[in-house]
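Student: I have a structure I would like to understand better, so I am pasting it below and will then ask my questions one at a time.
The values are calculated or read from the model by the stated rules, or taken from the named source; none is laboratory data. These numbers were taken from a predicted model, which means no experiment stands behind them. Positions of Cβ are generated from backbone atoms using ideal geometry, with glycine treated the same way; all protein chains shown enter the neighbour counts. With ligands, DNA and RNA removed, areas are computed over all heavy atoms of the protein, side chains included. Shrake-Rupley method; radii C 1.70, N 1.55, O 1.52, S 1.80 Å.
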Amino acid sequence: MNSAHELVTLIDALRTLHSAGHSHAALATLTRTRGSTFRRPGTRMLVFGDDHVVCELSGGCPQRDIVLRAQEVIASGEPRLVNYNAESGLDVLMEMGCGGELEVLIEPIGLPHASDFVDALARCLEHRHRAHLATLFAVNDKVVMPRRLLWCDAVIRHDDLGDAALSEAVMAAANLNDSGRATTLRIPSPAGTADVLIELIAPTHALVVIGSSAAAQALLPLADALGWRTVLVDQDSQRLQAADLPTAALKVCASPVTIRQLLPLDAHSSVVVMTHNLEQDIAYLAALRGAPVAYLGALGSRERVGRMRHEPALEGLRLHAPAGLDIGSETPEEIALAVTAEIMAVINGRDGGPLRDNQGAIH
């Protein structure tokens, strides 16, 4: 599936198309995969009539073939499913070199109301709500023009399925599929068996760094490059303003006493405390107790972290300290890489070990 950053890029491109009334584009979506593949179901790529793409799928042979077939969809105005497996698309499958199988939905973009769901999805993400998106693309194994259902916290934000009972069945099926991964299900409907891609879409991850050290200023550009929202916190306003940060980064002047009031945090946020002052670190960490964040880390030596862990105010706090994976980091940039990698591992439910030792799925 697309990352939140990729999804925002796609939303911006689709909104531009919609406002311009552009009809020379197609949206390619992975609906099913099997075995080793370059991306998972729910991943999308926008293809323009001039072969320009937004959010590349792979950059290799499958993508080139998908772009070619997208041009055919743009010309015909009809959606289609393309399979890459032993029965069809075998040459492309062999060139992929990964041994996987794919099913790709390609739909024309630019028809009236074809992307109305985009504005509703954008509003969910802007308000940092988790959303479920369901895309119906086939009935009784026959491809149909995709129709979508979008809901947040059981409240429907967009529904063009045209069948209230089917909408309820889709939402119920999504509740049973709690893996967090996009999947295509076959759901009975009055018109027949419907193929529906169901996705759980999370807002952009936010990284909050407390302290204006060199390591902090190295960490934020790396997070920005990943498409995360970035925030630098310091209680010294002059030091905060002097920090050289990516243009999109926010600067918040907050003390341990005021940080929870000035900085809303949610389950899609991570916080790293790195003031290089032990007492300040402890005060900020104590203030963040109970914050609903995905990751809370602190920088420091093992001796320094040991003193933190013996601090009564931090007793029982679930803390990643010393923050970062063990990659031999020394410079601020290397430390930033190690910390960012650990945050990614935590939010993706991975242990951060070498891929060669992982016998499960890579993606």
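Student: As I understand it, the value is the acute angle between the Cα axis of helix 61-76 and the longest principal axis of the Cα atoms of the chain; what does it come to in degrees, rounded to 10?
Tutor: Helix 61-76 sits at roughly 50 degrees to that axis.
Student: While we're here: Could you work out how much longer the chain between residue 307 and residue 130 gets when fully extended? Use 0.36 nm per residue separation minus the Cα distance between them, nm to one decimal. Can you show the working numbers first?
Tutor: On the way: separation 177, 0.36 × 177 = 63.72 nm, distance 3.75 nm.
Stretched fully, the residue 307-residue 130 segment lengthens by 60.0 nm.
Student: Quote to one decimal, in nm, the extra length available between residue 139 and residue 85 on full extension: 0.36 nm per residue of separation minus the C-alpha distance between them.
Tutor: Numbers: separation 54, 0.36 × 54 = 19.44 nm, distance 2.16 nm.
Going from the current span to full extension adds 17.3 nm.
Student: Hey, another quick one. Would you mind telling me the share, in percent, of accessible area of the chain contributed by carbon and sulfur at probe 1.4 angstrom? The partial results should precede the final answer.
Tutor: Working: 8980 of 17500 Å².
Carbon plus sulfur share of accessible area: 51 percent.
Student: Let me ask something else about it. Is the shape of region 143-197 best called rounded, prolate or oblate, per the rule: a/c under 1.5 gives rounded, else a/b larger than b/c gives prolate, else oblate, with a ≥ b ≥ c the square roots of the Cα gyration tensor eigenvalues?
Tutor: Numbers: a/c = 1.57, a/b = 1.19, b/c = 1.32.
Note, shape of region 143-197 comes out oblate.
Student: Please list the non-local residues whose amide H lies under 5 Å from the amide H of residue 158, H modeled 1.01 Å from N, same-chain partners needing a gap of 5 or more.
Tutor: For residue 158, the qualifying residues are 150.
Student: So for the chain, taking the charge dipole from beta-carbon charges (+1 Lys/Arg, -1 Asp/Glu), which of 274, 250, 203 sits furthest toward the positive end?
Tutor: Working it through, the farthest residue towards the positive pole turns out to be 274.
Student: Here is a follow-up. Using only Cα atoms, find the angle between the long axis of helix 164-176 and the longest principal axis of the chain, and express it within 0 to 90 degrees, rounded to the nearest 10.
Tutor: On a 0 to 90 degree scale, this one is about 40.
Student: Say the dipole of the chain comes from +1 at the beta carbon of Lys and Arg and -1 at that of Asp and Glu; which of 287, 46, 298 then lies farthest toward its positive end?
Tutor: Towards the positive end, the residue furthest out is 287.
Student: Around residue 282, with a cut-off of 14 angstrom between Cβ atoms, what is the net charge of the other residues, counting Lys and Arg +1 and Asp and Glu -1?
Tutor: 0
Student: A follow-up question, please. Once you keep just the Cα pairs under 8 angstrom separated by 6 or more residues, what percentage relative contact order results for the chain? Write down the numbers at each step before the final one.
Tutor: On the way: 680 pairs, mean separation 43.0, N = 363.
Reported relative contact order: 12 percent.
Student: Express as a percent, rounded to the nearest 5, the fraction of DSSP beta bridges in the chain (both residues included) that run antiparallel. Spell out each step's value before the answer.
Tutor: Numbers: 47 of 66 bridges.
In the chain, approximately 70 percent of DSSP beta bridges are antiparallel ones.
Student: Between Rg and the Kirkwood Rh of the chain, both from Cα atoms, what is the Rg to Rh ratio? Working shown, then result.
Tutor: Working: Rg = 23.0 Å, Rh = 22.6 Å.
Rounded to two decimals, Rg over Rh is 1.02.
Student: Also: Out of the GluC sites (Glu not before Pro) in region 252-357, which ones are loop residues according to DSSP with at most 14 other C-beta atoms within 10 Å? Show your work: numbers first, answer last.
Tutor: On the way: sites: 279, 303, 315, 330, 333, 334, 342; in loops: 315, 330.
Of the GluC sites (Glu not before Pro), the ones in loops of region 252-357 whose Cβ has at most 14 other Cβ atoms within 10 Å are 315, 330.
Student: Magnitude of the Cβ-charge dipole of region 221-293, K/R +1 and D/E -1, about the Cα centre, nearest 20 debye?
Tutor: Working: 5 positive and 7 negative charges, 37 e Å.
Dipole about the Cα centre, nearest 20: 180 debye.
Student: Could you work out how far the C-alpha centroid of region 281-299 sits from that of region 321-347, in angstrom?
Tutor: 17 Å
Student: Further question: May I ask for the distance between the Cα centers of region 106-165 and region 23-46, given as a whole number of Å?
Tutor: 16 Å
Student: Which value, in debye to the nearest 20, gives the size of the charge dipole of the chain about its Cα centre, when Lys and Arg are +1 and Asp and Glu are -1 at the Cβ?
Tutor: Values: 30 positive and 43 negative charges, 132 e Å.
Once rounded to the nearest 20, the dipole reads 640 debye.
Student: Report the residues of region 168-210 in range of a label on residue 347: point 7 Å along Cα→C-beta, backbone N strictly under 20 Å from it.
Tutor: Hits in region 168-210 for residue 347 at 20 Å: 179-182, 199-210.
Student: Separate question: How much area per residue is accessible in the chain when the probe is 1.4 Å and only protein heavy atoms are counted (Å²)?
Tutor: Values: 17500 Å² over 363 residues.
Per residue, the chain has 48 Å² of solvent-accessible surface.
Student: Could you give the dipole magnitude of region 150-246 about its Cα centre, charging the beta-carbon of Lys and Arg +1 and that of Asp and Glu -1, in debye to the nearest 20?
Tutor: Numbers: 5 positive and 12 negative charges, 44 e Å.
It works out to roughly 220 debye.
Student: Name the long-range amide H neighbours of residue 139: under 5 Å, sequence gap of 5 or more, or other chain; modelled H, no Pro or chain starts.
Tutor: 144, 195
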